[in-house]
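Coordinate-derived values only; no laboratory data. Quantities reported herein were computed from a predicted structural model and do not represent experimental measurements. Cβ: placed from backbone, ideal geometry, glycine included. Neighbour counts: every protein chain shown.
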Amino acid sequence: MQVFIHQLDGTVVNADLSQYSSLEDMLLSLNAAECRAICQGSHVSSLEELNNNANVYITADLSGGKRKRKKKVSTTKKKNKHIHKKSPMAIYNLYSVDGK
C-alpha cells in the first residue's frame, strides 16, 4: 500500500507501508519522531487506519492555549494635571489701578 507523506519542509515522499511495522517506525525513518501524523483531518494512531494513496501530513506540536500574561503594574506615580483655580475678581489682582 502506497501513501504520500507531506513533510514539515514542504517535500512530498511516496512511501510503501509494507516496509514499516508501525507508525513510530515510519516517523523515525523520516526524522520526525516527535511529530504527529494527520490524515483527512484526524490524528493517525496506527498504519491500519490509512487507505491506499492517502495523503498523510506530518505536523509538529505548537505551543498554544496558554493563559494571557498579567498587565504590568506601573511603578511610578502618575503626574497630576493642573487644575484651574477660579478666584473672584482675579482681574483686579492682575492689574492694579492707582488711586491718583
Q) In whole angstrom, how long is each semi-axis of the equivalent ellipsoid of the range 2-59, when you take the square root of 5 times every eigenvalue of its Cα gyration tensor and sort them from largest down? A) 14, 13, 12
(Q) How much length would be gained if the chain were fully extended between residue 34 and residue 7, taking 0.36 nm per residue of separation minus their Cα-Cα distance, in nm to one decimal? (A) 8.4 nm
Q. Highest mean first, what order results for 58-66, 71-79, 21-29 on Cβ atoms within 10 Å?
A. 21-29, 58-66, 71-79
(Q) How long are the semi-axes of the equivalent ellipsoid of the range 40-100, defined as square roots of 5 times the Cα gyration tensor eigenvalues? Whole Å, largest first. (A) 82, 14, 8
